[in-house]
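Below is one structure, written out as structure tokens, with a few remarks after it.
The values are calculated or read from the model by the stated rules, or taken from the named source; none is laboratory data. Everything numeric in this text was worked out from a predicted model, so none of it was measured. Cβ placement follows ideal geometry from the backbone for every residue including glycine, while neighbour counts extend to all protein chains displayed.
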Amino acid sequence: MRIKNFMKFLFILIVAVLIFCGCSAYQGYHFEVGEPKGIYEYNCVDATLDMIGQCEARGYEYQIMWGNLSVENETFFECDHCWLLVKHSDDHWYAYDWGKFCLDEQHYEGIMVSKYELLETQKDQKAWLNESRLQGGETDS
């Protein structure tokens, strides 16, 4: 009976280790980003730029993606969102959106853009926000 219980314990331990090792590629990649505060205050562009800073500080390779998560094969003009693909130590690329790991297919489709393009988008959004506030307009908060 003792051997049978030990074998059960050993089996469970091995399964747990295999599950843990299989998920370990995702565990070391955590990103701190802010909370959404309206479309022009703190949005996906800001969150993606925050993740880029963390990737660069940690030496991670990344690709910036533009896309529309509710449209397949979207054109550039249909894109309304951005996120990152991050290369893990297993040499595979994984999607992160708002600092969270994403495995759905839509996060692996889209259009790659440069950091410069993302920074220009952020600059344009902030300029629009400031202009709107100066004119007393609504800012979509």
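Under 9 Å by Cβ, and 6 or more places apart or on different chains, what pairs join a residue from segment 100-116 that is without any contact (Cβ under 8 Å) to a residue 40 or more places away in the chain with one that is in a loop (DSSP other than H, G, I, E, B) and of a type in the set (Ser, Thr, Tyr)?
Gln106/Ser70
Report, ordered by the first and then the second residue, all pairs with beta carbons closer than 8 Å, sequence separation of six or more or different chains, a first member in segment 64-85 that is more than 18 Å from Leu119 (Cβ to Cβ) and of a type in the set (S, T, N, Q), and a second member that is in a helix (DSSP H, G or I) and at pLDDT below 95.
From residues that are more than 18 Å from Leu119 (Cβ to Cβ) and of a type in the set (S, T, N, Q), the pairs are Asn68/Glu78; Ser70/Gln106.
Restricted to segment 48-63, and to residues that are in contact with a strand residue (DSSP E or B) (Cβ under 8 Å, 6 or more places away or on another chain) and in contact (Cβ under 8 Å) with a residue 60 or more places away in the chain, which residue is farthest from Asp90 (Cα to Cα)?
Applying the filter and picking the extreme gives Thr48.
Hey, does segment 101-115 have a residue that's of a type in the set (A, V, I, L, M), assigned to a loop (DSSP other than H, G, I, E, B) and either within 14 Å of the chain's Cα centre (by Cα) or closer than 15 Å to Phe31 by Cα (or both)? Reasoning before the result, please.
Step one: of segment 101-115, the residues of a type in the set (A, V, I, L, M) are 103, 111-113.
Of the ones still in play, those that are also assigned to a loop (DSSP other than H, G, I, E, B) are 103.
From what's left, either within 14 Å of the chain's Cα centre (by Cα) or closer than 15 Å to Phe31 by Cα (or both): 103.
Yes: segment 101-115 contains one or more residues that are of a type in the set (A, V, I, L, M), assigned to a loop (DSSP other than H, G, I, E, B) and either within 14 Å of the chain's Cα centre (by Cα) or closer than 15 Å to Phe31 by Cα (or both).
Out of all the residues in segment 34-66, which are among the hydrophobic types (A, V, I, L, M, F, W, C) and either within 13 Å of Tyr96 (Cα to Cα) or in a loop (DSSP other than H, G, I, E, B) (or both)?
Residues satisfying the conditions are Ile39, Cys44, Val45, Ala47, Leu49, Met51, Ile52, Cys55, Ile64, Met65, Trp66.
From the list Glu109, Glu78, Glu61, exactly one residue is over 20 Å from Lys37 (Cα atoms), assigned by TED's automatic domain parsing to the domain that holds Pro36, surrounded by 14 or more Cβ atoms within 10 Å (Cβ to Cβ) and out of contact with any helix residue (DSSP H, G or I) (no Cβ under 7 Å at 6 or more places or on another chain). Which is it?
After ruling out the rest, the residue left standing is Glu109.
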